[in-house]
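A quick write-up on the structure given underneath.
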Amino acid sequence: MGTPNSAQLLSVRDLRVEFEYESGAAPAVDGVSFDLAPGEVLGIVGESGSGKSVTALSIMGLLPTPPGRVAGGTILFEGEDLLPKSPAAMRHIRGKRISMIFQEPMTSLNPVFTIGDQVMETVIYHERVGRRAARDRALEMLEKVGIPSPRARLEEYPHQLSGGMRQRIMIAIALACTPALLLADEPTTALDVTIQAQILELLRSLQDEFKMAVVLITHDLGVVAEFVDRVAVMYAGRIVETADVAGVFERPQHPYTEGLLASIPSLDTEQTRLTAIPGVVPSPFELPAGCRFAPRCRHARPPCTTIIPPLLPRGAGHGAACIRHVDYRTEGLKS
Amino acid sequence: MGRYVVARLIQSIPVLILVSVISFGIMKLVPGDPAVLIGGPTATPAELDNIRQNLGLDQPFHVQMGRFYAGLARGDLGRSLLLGKPVLEATIERIPVSLSIALYSMVLTLFLGISCGVIAALKRNSWADQAAMAFALIGVSLPNFWLGLMLIILFSVHLGWLPTGGYVPWQNDPVGWFRTATMPAVTLALLQVGLLARITRSTMLEVLRQDYIRTARAKGLPEFLVIAKHAFKNVMIPVITVIGVIFSVLLSGSVVVESVFSVPGIGSLLGSAVLRRDYPMIQGGLLFVATALLMLNLLVDVLYAYFDPRVRYDSRS
């Protein structure tokens, strides 16, 4: 994972993002690397504050600066590094080649413009087409995302639609210019469970239809299992494990991933209490030296608090950042 | 939208009735005998009786009230004691004067206030922000009669660029109108620019934090469109409300400012009517100003509905 791979659609290498406050700089993302092939779906999983959203915003060039700042690394997209690009150059990529949808469909649409206007806007700006052509495209997109009576909806305002419908509109906006990459930041978290499944189903079918790559950011491993090809587990700004879906669910190699899996309520076994990982994600201002999960890890040993574990290969396409993964499992069985 | 306007018009009727009651009550609320106040200390009892008869003050209360409303229904607000002509005529004559200055002042206020506020918000904590906010604070802090006098001293007395006062109607001489209307309009505007700039700044900062602004940027729109389209229309929603308040302050401020610049408008008319106890004129002026404010509030609400579709649809249900 040392040099960026320009054969990939997206190749992130050693991305480091800091937030600078008066009290000091907080590393929100610390040396994140991953690759994404065209048409591939990657899930980035982690708790709140693990750096998932910051990673996505950095790719979009939408990091709030200040206080955010990309401190290093490269983001290769379609063979070009996005980080040194000018704001104007990034604008031609955003919304056209890379799109993003967000967690809060209720507030992500502008309340004072019609749905039609907000969908057409992207097409008009990026493809330099007239209003009529843009309107046709908007209508087509609304149909694709499953909005009933789309023609009438074009004239309506966001407050007239439900949260699920608004997220569909956000997806229509994101896909209107057929991007090569969609960043979906917790797209279902704010929705009802039944709507969540519909939106995921929609994303999956559109991903298939548009042949686009998707980075799905979520804290919900259940969402990951349904939708993605590969998973990267993030903890406190670092990727601690990466593998295909089967690898993560069947052979987790990092104690944090194990903890996440154990905290999913199971229908098969009789459980009286949910298993929770003890402790909380450390504050970016007070990160432990060495492995950042060590303070919460029941397998931690003295070296864990001093050595930063690299992401080591654990089989084909599987990597984990735990210096003790060889023996923690056997020890775990003993205890 | 039409139904909304009609509903709002109907809602304003009770307010108008209340205003007319207060305006009628002025004669009754005056301490002492209005006839004595009007006639002055040298008036003979016969003269006072004459004044009472002319004003109908010798009639019983209900007859006075009946006459007042009967007159109101005919558009007859009585005769001004000082000008010797109908109050309505005297008021209508002066509307274009005050209205043109008020609109001029409003344009200045909107332009300066909104642009200062937007610049201050976009360049937050920069020298431009500090300068805009300092300018705003100074504008709010200066009393308008003092500011008016200072402008006269600077631009009329020392520089000799503008006349010290008076008024030239626009249709007679546009340049003359500008020369006479500018100082009163600026004086009235400076008081309001600060208020508007501060509200615009804080609203803009609030709007820029919203998720839909992030969405607009995620679409790849140029920053100009993000601000001028997506942020601006949202910023205007609270600003519109403030514009209503600003206009009402403009109307009351015009009493002082028109006197300072000897502009023959509604403000100076009301001012001198109050000073010389021209009661029919005060009554009529009060009714006029209240009606104007009601209409203005209606306009603000209609504008509000234009800028905020949520209001538009709520009113329908």
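The values are calculated or read from the model by the stated rules, or taken from the named source; none is laboratory data. Keep in mind it's a predicted model, so treat the numbers as computed, not measured. Using ideal geometry, Cβ is built from the backbone for each residue, glycine included, and neighbour counts are taken over all protein chains shown.
Summary table
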quantity	calculated
One residue from A:ILE264, A:ILE239, A:ILE217 being closer than 30 Å to A:SER162 by Cβ, among the hydrophobic types (A, V, I, L, M, F, W, C), out of contact with any Pro (no Cβ under 6 Å at 6 or more places or on another chain) and not in a loop (DSSP other than H, G, I, E, B)	A:ILE217
Elements of type helices (runs of 4 or more DSSP H) contained in region B:202-317, each with 3 or more residues being within 14 Å of another protein chain (Cβ to nearest Cβ), over 30 Å from B:ARG67 (Cβ atoms) and over 17 Å from the mean Cα position of the chain (by Cα)	B:211-218, B:232-260, B:279-307, B:309-316
Residues of region A:96-124 satisfying the condition of being closer than 14 Å to A:ALA56 by Cα and either assigned to a helix (DSSP H, G or I) or facing another protein chain (nearest Cβ under 8 Å) (or both)	A:SER99, A:MET100, A:PHE102
Candidate set from region A:45-82 (those that are assigned to a loop (DSSP other than H, G, I, E, B) and among the polar types (S, T, N, Q)); member that is surrounded by the most Cβ atoms within 10 Å (Cβ to Cβ)	A:SER50
Condition broken by A:LEU154, with the remaining ones in (1) over 27 Å from A:SER50 (Cα atoms); (2) in contact (Cβ under 8 Å) with a residue 60 or more places away in the chain satisfied	(2)
Meets criteria (away from chain A (no Cβ under 14 Å), modelled with pLDDT of 90 or more and within 24 Å of B:ILE138 (Cβ to Cβ)) for B:SER156	no
Residue ID - nearest to B:ILE13 (Cα to Cα), chosen from residues in region B:70-87 that are basic (Lys, Arg) and either out of contact with any strand residue (DSSP E or B) (no Cβ under 7 Å at 6 or more places or on another chain) or buried (at least 17 other Cβ atoms within 10 Å of the Cβ) (or both)	B:ARG74
Residue that is nearest to A:GLY72 (Cα to Cα), among those in region A:83-95 that are surrounded by fewer than 17 Cβ atoms within 10 Å (Cβ to Cβ) and within 9 Å of another protein chain (Cβ to nearest Cβ)	A:PRO87
Test: residue in region A:129-151 that is surrounded by 16 or more Cβ atoms within 10 Å (Cβ to Cβ) and under 29 Å from A:GLY46 (Cα atoms)	yes
Condition met for A:GLY146 (at pLDDT below 90, in a helix (DSSP H, G or I), of a type outside the set (A, V, I, L, M) and closer than 30 Å to A:ASP220 by Cβ)	no
Single condition B:ARG94 does not satisfy, out of (1) crowded, with 19+ Cβ neighbours inside 10 Å; (2) out of contact with any Leu (no Cβ under 9 Å at 6 or more places or on another chain); (3) of a type outside the set (A, V, I, L, M, F, W, C)	(2)
Residue satisfying condition, being among the small types (Gly, Ala, Ser), within 13 Å of chain B (Cβ to nearest Cβ) and assigned to a helix (DSSP H, G or I), within set A:ALA152, A:ALA133, A:ALA184, A:ALA172	A:ALA172
First in region A:82-105 and acidic (Asp, Glu), second anywhere and in a helix (DSSP H, G or I) and at pLDDT 90 or above, Cβ under 8 Å, 6 or more apart	A:GLU104/B:ASP211
Any helices (runs of 4 or more DSSP H) falling wholly within region B:1-55 and containing at least 3 residues that are under 22 Å from B:LEU77 (Cα atoms), among the aliphatic types (A, V, I, L, M) and at pLDDT below 80	B:2-29, B:34-39
Matching residues in region B:161-214 - criterion: being in contact with a Leu (Cβ under 8 Å, 6 or more places away or on another chain) and either free of Cβ contacts under 8 Å to residues at least 12 places away in the same chain or among the basic types (Lys, Arg) (or both)	B:ARG179, B:ARG214
Candidates B:PHE232, B:PHE178, B:PHE224, filtered to the one that is more than 30 Å from B:SER268 (Cα to Cα) and surrounded by fewer than 15 Cβ atoms within 10 Å (Cβ to Cβ)	B:PHE224
Test: residue in region A:269-289 that is more than 21 Å from A:SER48 (Cα to Cα), touching a Gly at 6+ places or on another chain (Cβ under 8 Å) and surrounded by 15 or more Cβ atoms within 10 Å (Cβ to Cβ)	no
So A:ILE277, is it over 15 Å from the mean Cα position of the chain (by Cα) and free of Cβ contacts under 8 Å to residues at least 24 places away in the same chain	yes
Flag if B:ARG217 is over 28 Å from B:ASP301 (Cβ atoms) and without any contact (Cβ under 8 Å) to a residue 40 or more places away in the chain	yes
Yes/no for A:SER33 being of a type outside the set (Phe, Trp, Tyr), closer than 19 Å to A:GLY290 by Cα and modelled with pLDDT of 90 or more	yes
Verdict on A:LEU42 being within 11 Å of another protein chain (Cβ to nearest Cβ), in contact (Cβ under 8 Å) with a residue 24 or more places away in the chain, surrounded by 17 or more Cβ atoms within 10 Å (Cβ to Cβ) and hydrophobic (A, V, I, L, M, F, W, C)	no
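Results for (1) in a helix (DSSP H, G or I); (2) free of Cβ contacts under 8 Å to residues at least 12 places away in the same chain; (3) surrounded by 19 or more Cβ atoms within 10 Å (Cβ to Cβ), shown as yes or no for each residue.
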| residue | (1), (2), (3) |
| --- | --- |
| A:PRO179 | no, no, yes |
| A:ILE195 | yes, no, no |
| A:LEU203 | yes, no, yes |
| A:GLY222 | yes, no, no |
| A:GLU226 | yes, no, no |
